[in-house]
Amino acid sequence: MSEIHTIELWKRLVDALNDLDAAGQSVSFGDRRGPDTDWWTAPYAHDATRPDSPRAAWDRKRRRWAVEYR
């Protein structure tokens, strides 16, 4: 993947984070660790003010980001 393409991907991520902020979501980041991650850290992003909102989390088994509903 070229550096220019990678920069565009980061810009898209920034746009998505700004869109969430504009929609009133208080985006926060964290790491979870436990038996479901085999005690490895697994990053996630969520709305810190709405505990029942969906979150984007790293799925170690599928090796990709996914939306989780709690």
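Considering only DSSP states other than H, G, I, E and B, which chymotrypsin sites (Phe, Trp or Tyr not before Pro) in the chain qualify as loop sites with at most 14 other Cβ atoms within 10 Å?
Here the chymotrypsin sites (Phe, Trp or Tyr not before Pro) that fit, given the DSSP loop and packing criteria, are 39, 40, 69.
Restricting attention to the chain, which GluC sites (Glu not before Pro) occupy a DSSP loop and are surrounded by at most 10 other Cβ atoms within 10 Å?
Filter output for the chain: empty list.
Per DSSP H run of n ≥ 4, the term is -39500 (n - 2.57); total these for the chain, divide by its residue number, and report the mean residue ellipticity at 222 nm rounded to 500 deg cm²/dmol.
Estimated from H runs of four or more residues: -10000 deg cm²/dmol.
How big, on average over all directions, is the shadow cast by the Cα convex hull of the chain, in nm²?
Here the figure is 5.6 nm², rounded to one decimal.
Considering Cα pairs under 8 angstrom that are at least six residues apart, work out the relative contact order of the chain and quote it in whole percent.
19
Quick note: the coordinates plus some simple rules give every number you see, no bench work behind them. The structure presented is a predicted model; accordingly, all values stated were derived computationally and were not measured. All Cβ positions, glycine included, derive from the backbone under ideal geometry; neighbour counts span all protein chains shown.
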